[in-house]
Structures are given as structure tokens and as C-alpha cells.
Amino acid sequence: MSDNIVGIEYNRVTNTSSTDFPGHQASGDFSWDIEKFKQNFDIDIKYLTERTANFDLVHIDTSIANAFRRIMIAEVPSVAAEAVYMFMNTSVIQDEVLAHRIGLIPLKVDPDLLSWVDKTQDENNRYTEDNTIVLSLDVVCTKNPNAPKNSTNAKELYRNSHVYASDLKFEPHGSQLEKFKNNPVVPADPNILLAKLRPGQEISLRAHCILGIGSDHAKFSPVATASYRLMPVIDIREPITGALAVNFQKCFPPGVIGINDQGEAYVQDARKDTVSREVLRHEEFDGKVKLGRKRDHFIFNVESTGAMSPEEIFFKSVRVLKNKVEYLRNCPIGQ
């Protein structure tokens, strides 16, 4: 296999060493050429939904791909509850536990519409309409006079017996009514259960939501997960036919290996392979197949919490990385 392939063997992984210079290998001309990079680099979007994105970054160094992953998790800003002011809480859930649950609720808010909170300011002047969104929660549980007879369902016996994220209401201040007119602030998942109440119990609070990043607290991370894996490589060295081809096909997940009309096995879609190495356990395939991974082909999977779309999260990670590069370029140590 070439220098660009990480070898996968029965009990070890080979060709994992790298150099101090990204994208360089032991052989060939790897001097930096922006035009060559533009020609070789590729982004292949496999599927894109409201919450999930799956795409390939091809011909890019590991350091850059991993930077995107880390930035999406820890440095793309989003909005979450930072301070919760309790006026009344007679539920069985303690104040700090309830505040923690509210803080972890993903909010559908465009982070570009808010400015950062100045932590050096006094707390009385720290939160303004430009950097803070206020959510209110006022719920009182009462008996339902029209409840069905012999019912044991709390939702039928009582009113407001279950407090959900949808019960959090946006309280616009100042220019926020106009600013969020087309994009009202709502929880990304309205059916998140916050508390259960019984008649006479009440919750009244205000939550101040601000900008933050995942490296400060996980509640600010806009992704549920952001990961990548290297593209699998399956190199069939000798023809595999007949019953042996059927057994060979069973060593891989469905859709990875196909069998043509001549009964010969071929690689149908290596992307679906999980590199389980099952095929290497069978002696009949010794020397007939070589497994590996492409070290410059990254399969990304990004799952959003719902605060923003996965493509927006990736675009913002590119912007953050670009700002980091500009800072290094302009700071004295880089000149």
C-alpha cells in the first residue's frame, strides 16, 4: 500500500507515523501550492437533515480536520441559561437541580444576534438587552374538576402536572421584540420534562440566557456529537470466487462487498465498512485481501442539539479557525 494508507493487520496498525510538516510523506513533492490544494481538495456531502450532517473532507491534513472537530464541540458559540432566579419552587426538585436542567435545554437562537457579556461589569449592570435573553417559567398545579372517573393518569387528574421546556416563555426587552420578530426564542426540543407537580405546588422563575462556548460549559456546545473516521480501504489482491466469495461477503457489513455475475467478489462500497477485521480471522483469505484507511480522507458525522443546523455549525467552525489564523498572523510572535 502507498504512504497515504494506514495499514490494518490482524493484531496491529501500520504506517501510522507522520512528520512535523502537515501533508508531507516520505516520497514525492509536497511543497505547498495553493492552486494544487484547490484542485485536490474536495467536500462531498452524503446527507443533510435538520439535525444531522454526514460529509467527507478529502485531501486535507489530520491537524486541520481535527481542528474543525474540536472547534465544533468546544468553540462555536451558542446560547444557554446562565443565571436562574427562583421566586417560588415548592416542587420536589431542588432549586439547583432545576436550574441545571434548564441550563441544559438547547435554545433556538441565532448567536450572531447577541453580544458577549462583559464579566468585568458589576452584576447589576452586566446583563442588557444586547447580550441577554430572559425566559420565564410560571406554573401552578391544580386539580382538574372535569377529570374522568376512576382515572389514575396524572395528566388527566391535574392541570400542569408535568412541566416541559415548552412552558418556558420568552420575555422580550427593549429592541428584542423587533430583533426576534421572525425567529422567536423557543427550546429546540419542547417536550423535555423539567419537573412533575401536584396540586398546591408551584414554580416561578426567570432564566437569563447568554452566549458561551463548550469549553466553558457543555451546555453551550451546539453539537450532541461531532466525530470523524478515516475512509476504509479494501484491496482484493487475488480473485475470490464461488462459495469463498459468499463467505468473504459475510465478513463485512451489508453493502460493502458485492458479487458480480461471474461469482467474483468486488468492493461495492468501502465507505460502509466498520473495519472490524473479521476477514483477517479466516485463514482462507490470507494474502488475498489487504485492509487499510486513507489518512487524508475524513468521514465527518455532525449531530446538532437543535440550537442551529449542522451546516451552520461547520461554517462557524471554519470562521473560528480563520480568526485564529488571522490572530497568529498579526500577533508579534508571528511576524
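Residue-wise test of (1) at pLDDT below 95; (2) open to solvent by 50 Å² or more (accessible area, probe 1.4 Å).
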| site | (1), (2) |
| --- | --- |
| Arg101 | no, yes |
| Leu104 | no, yes |
| Asp110 | yes, yes |
| Asp122 | yes, yes |
| Thr128 | yes, yes |
| Asn131 | yes, no |
| Ser136 | no, no |
| Asn144 | yes, no |
| Ser151 | yes, no |
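Output the residue which, of all residues in region 46-79 that are assigned to a helix (DSSP H, G or I) and basic (Lys, Arg), is surrounded by the fewest Cβ atoms within 10 Å (Cβ to Cβ).
Initial filter on region 46-79 (assigned to a helix (DSSP H, G or I)): 62-74.
Filter once more, keeping what is basic (Lys, Arg): 69-70.
On the way: Arg69: 19, Arg70: 15.
Taking the candidates together, the pick is Arg70.
Taking the conditions exactly as written (out of contact with any Asp or Glu (no Cβ under 6 Å at 6 or more places or on another chain), of a type in the set (Val, Ile, Thr) and open to solvent by 20 Å² or more (accessible area, probe 1.4 Å)), does Thr305 satisfy them or not?
Yes: the conditions hold for Thr305.
Which helices (runs of 4 or more DSSP H) sit wholly inside region 114-191 and have at least 2 residues that are in contact (Cβ under 8 Å) with a residue 24 or more places away in the chain?
So the answer is 176-179.
When the residues of region 170-214 are narrowed to those that are surrounded by 15 or more Cβ atoms within 10 Å (Cβ to Cβ), of a type in the set (S, T, N, Q) and touching an Asp or Glu at 6+ places or on another chain (Cβ under 8 Å), which ends up nearest to Ser91 (Cα to Cα)?
Per the criteria, the residue is Ser204.
I'm trying to understand the selection: among the residues of region 245-271, which are out of contact with any strand residue (DSSP E or B) (no Cβ under 8 Å at 6 or more places or on another chain) and outside any loop (DSSP other than H, G, I, E, B)?
The answer is Asn247, Lys250.
Exactly one condition in (1) crowded, with 16+ Cβ neighbours inside 10 Å; (2) free of Cβ contacts under 8 Å to residues at least 12 places away in the same chain is false for Ile240; which is it?
Looking at each condition in turn, Ile240 falls short on (2).
Residues Val233, Val279, Val256: which one is under 21 Å from Ile299 (Cβ atoms), open to solvent by less than 50 Å² (accessible area, probe 1.4 Å) and touching a Cys at 6+ places or on another chain (Cβ under 6 Å)?
Val279
Looking at region 198-223 only, could you name the residues that are closer than 30 Å to Thr152 by Cα and part of a loop (DSSP other than H, G, I, E, B)?
Within region 198-223, the subset closer than 30 Å to Thr152 by Cα is 198-205.
Matches in region 198-223: Arg198, Pro199, Gly200, Gln201.
Would you confirm whether or not region 284-295 contains a residue that is in contact (Cβ under 8 Å) with a residue 60 or more places away in the chain, touching a His at 6+ places or on another chain (Cβ under 6 Å) and under 30 Å from Thr49 (Cα atoms)?
Scanning region 284-295 turns up no residue that is in contact (Cβ under 8 Å) with a residue 60 or more places away in the chain, touching a His at 6+ places or on another chain (Cβ under 6 Å) and under 30 Å from Thr49 (Cα atoms).
Residue under question is Ala270, and the condition is that it be modelled with pLDDT of 95 or more and either closer than 30 Å to Gly103 by Cα or buried (at least 18 other Cβ atoms within 10 Å of the Cβ) (or both); does it hold? I'd like the intermediate steps shown before the answer.
Working: modelled with pLDDT of 95 or more: no; either closer than 30 Å to Gly103 by Cα or buried (at least 18 other Cβ atoms within 10 Å of the Cβ) (or both): yes.
The answer is no for Ala270.
Give region 9-39 a look and list any residue that's closer than 22 Å to Ile234 by Cα, at pLDDT 70 or above and out of contact with any helix residue (DSSP H, G or I) (no Cβ under 8 Å at 6 or more places or on another chain), or say none.
Asn11, Arg12, Val13, Thr14, Asn15, Thr16, Ser17 - these are the residues of region 9-39 that are closer than 22 Å to Ile234 by Cα, at pLDDT 70 or above and out of contact with any helix residue (DSSP H, G or I) (no Cβ under 8 Å at 6 or more places or on another chain).
Select from region 272-283 the residues that are part of a helix (DSSP H, G or I) and over 22 Å from Phe55 (Cα atoms) and list them in ascending order.
Here is the first cut: in region 272-283, the ones part of a helix (DSSP H, G or I) are 272, 278-281, 283.
Glu278, Val279, Leu280, Arg281, Glu283 - these are the residues of region 272-283 that are part of a helix (DSSP H, G or I) and over 22 Å from Phe55 (Cα atoms).
The values are calculated or read from the model by the stated rules, or taken from the named source; none is laboratory data. A quick note: this is a predicted structure, and the numbers were derived from the prediction, not measured. Cβ coordinates were reconstructed from backbone atoms using ideal geometry, including for glycine residues, and neighbour counts include every protein chain displayed. Side chains are part of the model used for accessible areas, which takes the heavy atoms of the whole protein and leaves out ligands, DNA and RNA. Shrake-Rupley method; radii C 1.70, N 1.55, O 1.52, S 1.80 Å.
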